[in-house]
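Visitor: So that we are looking at the same thing, I have put the structure below in structure tokens.
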Amino acid sequence: MPLPLDPHLLQLYLVAVCVLILAPGPDSLLVLTRSIADGRQAGVVATLGICVGNTVHSLLAAAGISALIAASSALFDLLRYAGGAYLAWIGLRSLWSVWASRGRPADAVAAVPAPAPAGRVFVQALATNLLNPKVILFQLAFVPQFIAPALGHVALQTFILGNIISVAGGVYLVGIAALSAGAARRVLASPRVRTALDAVAGVLFLGFALRLLLTDRKFA
């Protein structure tokens, strides 16, 4: 059975997706920080959690549930506040590690910490993606532009297009994990480098949290 997708619209969609996945966001930042801190495997596990989250979002959009959430001020605000609080917590935890290490000598050699458990990394990545209402708005505002109603199976088209983003984004994020994890564990033996990375990551996560809290429900 051929896919119910318009070939011309699909080509345009693939080009747009390739451009969009390069834009930095909380997902790519999480994979980057987990890969640097815990190694390539943690980055791949984080990528898997994000891909599962994107697949869930695609399923919700296809079922019409995403539209209900976006249309409900209470539900959307609940998700927005939960997502913003979660990103802020990740950022504050990174900044706390900077504060806690302030008394360490700059030339000391830090012990490389044990990698975080894979299950915790997966749940963190999954929650980061699922609690981001901007993904819902993206599914509602961007994906429908490439759906061909005349071909029917609109829900299936929505699900397939959403999962194309998940697969393409997953490939990109695995690349980030592989490139960033190479010599990271050796570099992080320097307390100064680790402190600087934690500080930058903390500020960026707080910035993403603020941007998420300022998101409105306009998607039409």
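Visitor: Counting only residues that are crowded, with 20+ Cβ neighbours inside 10 Å and farther than 14 Å from residue 32 by Cβ, which one in the range 198-220 is modelled with the lowest pLDDT?
Guide: Across the range 198-220, the extreme among qualifying residues is 212.
Visitor: Can I ask one more? It is to be established whether one or more residues within the range 175-197 are in contact with a Ser or Thr (Cβ under 7 Å, 6 or more places away or on another chain), at pLDDT 85 or above, crowded, with 16+ Cβ neighbours inside 10 Å and assigned to a helix (DSSP H, G or I).
Guide: Yes, the range 175-197 contains a residue that is in contact with a Ser or Thr (Cβ under 7 Å, 6 or more places away or on another chain), at pLDDT 85 or above, crowded, with 16+ Cβ neighbours inside 10 Å and assigned to a helix (DSSP H, G or I).
Visitor: Taking only the range 115-158 into account, find how many residues are under 24 Å from residue 93 (Cα atoms) and polar (S, T, N, Q).
Guide: Qualifying residue count, the range 115-158: 4.
Visitor: I'd like to know if the range 59-71 contains one or more residues that are in a loop (DSSP other than H, G, I, E, B) and within 17 Å of residue 133 (Cβ to Cβ).
Guide: Step one: list which residues in the range 59-71 are in a loop (DSSP other than H, G, I, E, B), which gives 64.
Pick out the ones that are also within 17 Å of residue 133 (Cβ to Cβ) and you get 64.
The answer is yes, given that some residue of the range 59-71 is in a loop (DSSP other than H, G, I, E, B) and within 17 Å of residue 133 (Cβ to Cβ).
Visitor: Would the range 86-101 turn up any residue that is under 15 Å from the mean Cα position of the chain (by Cα), farther than 30 Å from residue 153 by Cβ and at pLDDT 85 or above?
Guide: Within the range 86-101, the first condition is being under 15 Å from the mean Cα position of the chain (by Cα), and the residues that meet it are 86-88, 90-91.
Now restrict to residues that are farther than 30 Å from residue 153 by Cβ: 86-88, 90-91.
From the residues that got through so far, the ones that are at pLDDT 85 or above too are 88.
Within the range 86-101, one or more residues are under 15 Å from the mean Cα position of the chain (by Cα), farther than 30 Å from residue 153 by Cβ and at pLDDT 85 or above.
Visitor: For residue 136, are the conditions met, namely being modelled with pLDDT under 80 and over 26 Å from residue 199 (Cβ atoms)? Even if it seems obvious, please write down each step before you answer.
Guide: On the way: modelled with pLDDT under 80: no; over 26 Å from residue 199 (Cβ atoms): yes.
Against the criterion (modelled with pLDDT under 80 and over 26 Å from residue 199 (Cβ atoms)), residue 136 does not qualify.
Visitor: Which condition does residue 106 not pass, out of (1) modelled with pLDDT under 85; (2) outside any loop (DSSP other than H, G, I, E, B); (3) of a type outside the set (Val, Ile, Thr), if it passes all the others?
Guide: Failed condition: (2).
Visitor: Which residue out of 71, 42, 61 is under 30 Å from residue 149 (Cβ atoms), crowded, with 22+ Cβ neighbours inside 10 Å and among the aliphatic types (A, V, I, L, M)? Working first, answer last.
Guide: Working: 71 fails: crowded, with 22+ Cβ neighbours inside 10 Å; 42 fails: under 30 Å from residue 149 (Cβ atoms).
Residue meeting the stated conditions: 61.
The values are calculated or read from the model by the stated rules, or taken from the named source; none is laboratory data. Predicted model only: the values in this text are computed from it and were never measured. All Cβ positions, glycine included, derive from the backbone under ideal geometry; neighbour counts span all protein chains shown.
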